[in-house]
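Remarks on the structure that follows.
The values are calculated or read from the model by the stated rules, or taken from the named source; none is laboratory data. Worth saying up front: this structure is predicted, and the values here are computed from it rather than measured. Don't worry about glycine lacking a Cβ; one is built from the backbone with ideal geometry, like all the others, and counts go over all protein chains shown. Ligands, DNA and RNA are excluded from the accessible area calculation, which covers all protein heavy atoms including side chains. Shrake-Rupley method; radii C 1.70, N 1.55, O 1.52, S 1.80 Å.
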Amino acid sequence: VNQSFERRQLARLVQQTEQSLSYLTSATFHFRYIEDVDGLAGGLARLCPQPERAVLGLHELMINAVEHGNLGITYAEKSQWLLVNGLAEEVQRRRRLPENQDKRVEVRFERRPEALEFTVQDQGAGFDWRPYLDFDPERLFDPNGRGIAIAKQQSFDALEYLGNGNTVRATVALTQKGFL
């Protein structure tokens, strides 16, 4: 009887904790490794009205920040490593390089009355994001290169790159006004 009561109490505590996330107005997270992305993307997606819609986009943007941003893996290099099943090893090798050991990705969350904003910023040199905003038939059979377009079209109501391309802001509308 005592264990049953404790389990119900713990279940209520979890539910209350999840409800308390709706009061979160801003937060900043830092991470370094791809292994950190799943949990963080899942947790941040739970802040959204449709978590299952947001999680994939958040995941893609954070993976890109590590692989392409902080570790400097180019589109062509990622394609090659994926084709020989060597991407994970290359990521491990590059993250051990002295110039990459202290690099982090920062994810900022802001709750506004009309929308939730997620800003992902890496410490890389940036890139030209324009070719990746939409699906390109030229890259249709490439093993990579669709994450940004997927995020833009399926996960967020707005997606914009800032500055040199090492910062992206993704917006999830809380109201229909002003968003597609």
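Taking a ≥ b ≥ c as the square roots of the Cα gyration tensor eigenvalues, with a/c under 1.5 meaning rounded and otherwise prolate when a/b beats b/c, else oblate, which class fits the range 83-180? Oblate, because a/c is 1.5 or more while a/b does not exceed b/c.
Filter the trypsin sites (Lys or Arg not before Pro) in the range 39-88 to those in DSSP coil with at most 16 other Cβ atoms within 10 Å of their Cβ, and list the result.
Working: sites: 46, 53, 78; in loops: 46.
Here the sparse-neighbourhood loop sites are 46.
Each Lys and Arg Cβ is given +1 and each Asp and Glu Cβ -1; about its Cα centre, the chain then shows a dipole of about 540 debye.
The modelled label-to-label distance between residue 85 and residue 38, using points 7 Å beyond Cα along the C-beta direction, is 1.9 nm. Compared with the dominant Cα axis of the chain, that is its longest principal axis, helix 51-64 is turned about 40°.
A 1.4 Å probe over all protein chains sorts 36, 122 by accessible area into 36, 122, starting with the largest.
For the chain, the per residue solvent-accessible surface stands at 60 Å², with DNA, RNA and ligands left out and a 1.4 Å probe. Loop-resident chymotrypsin sites (Phe, Trp or Tyr not before Pro) (DSSP state other than H, G, I, E or B) in the range 5-113 with no more than 13 further Cβ atoms inside 10 Å of their Cβ: 33. The GluC sites (Glu not before Pro) of the range 1-103 that DSSP puts in a loop, and whose beta carbon has at most 15 other beta carbons within 10 Å, are 99. Return the calculated 222 nm mean residue ellipticity for the chain, to the nearest 500 deg cm²/dmol, obtained by summing -39500 (n - 2.57) across DSSP H runs with n ≥ 4 and dividing by the residue count. The helix-only estimate for the chain comes to -10500 deg cm²/dmol at 222 nm. Rounded to the nearest 10 degrees, what's the angle between the helix 2-20 long axis and the longest principal axis of the chain, both from Cα atoms, 0 to 90? With rounding to tens, the tilt is 60 degrees.
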